[in-house]
Amino acid sequence: MTGSITALGLGLAVLGAGVGIGQIGGRAMDAIARQPEAVGDIRANMILTAALIEGVALIAVVLGWLG
């Protein structure tokens, strides 16, 4: 039973991270469409935020696997 609960938690962590990164990308494209001159700043912030979310998801997966 513990293995299936862990698998569910790992799946939710990955799913949440994927949805979050998808929303970041979509909103960044909207922002670039509104202000094309700020593309460098928007892209840098988008990549940084996506990397942080991916890091949190990776930590959640590792802790779920070890726990």
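The values are calculated or read from the model by the stated rules, or taken from the named source; none is laboratory data. As the structure is a computational prediction, the values presented were derived from the model and not from experiment. Reconstructed Cβ throughout: ideal geometry from the backbone, glycine too, with neighbour counts over all protein chains shown.
Quick notes on this one:
- Looking across GLY16, GLY9, one residue alone is at pLDDT 90 or above and either surrounded by 13 or more Cβ atoms within 10 Å (Cβ to Cβ) or among the hydrophobic types (A, V, I, L, M, F, W, C) (or both). It is GLY16.
- Number of the condition not met by THR49 [criteria: (1) hydroxyl-bearing (Ser, Thr, Tyr); (2) in contact with a helix residue (DSSP H, G or I) (Cβ under 8 Å, 6 or more places away or on another chain); (3) loosely packed, with under 14 Cβ neighbours inside 10 Å]: (3)
- Filter pass, VAL61 being in a helix (DSSP H, G or I), modelled with pLDDT under 95 and surrounded by 12 or more Cβ atoms within 10 Å (Cβ to Cβ): yes
- Criterion: in a helix (DSSP H, G or I), in contact (Cβ under 8 Å) with a residue 40 or more places away in the chain and of a type in the set (S, T, N, Q) - qualifying residue of THR49, THR6: THR6
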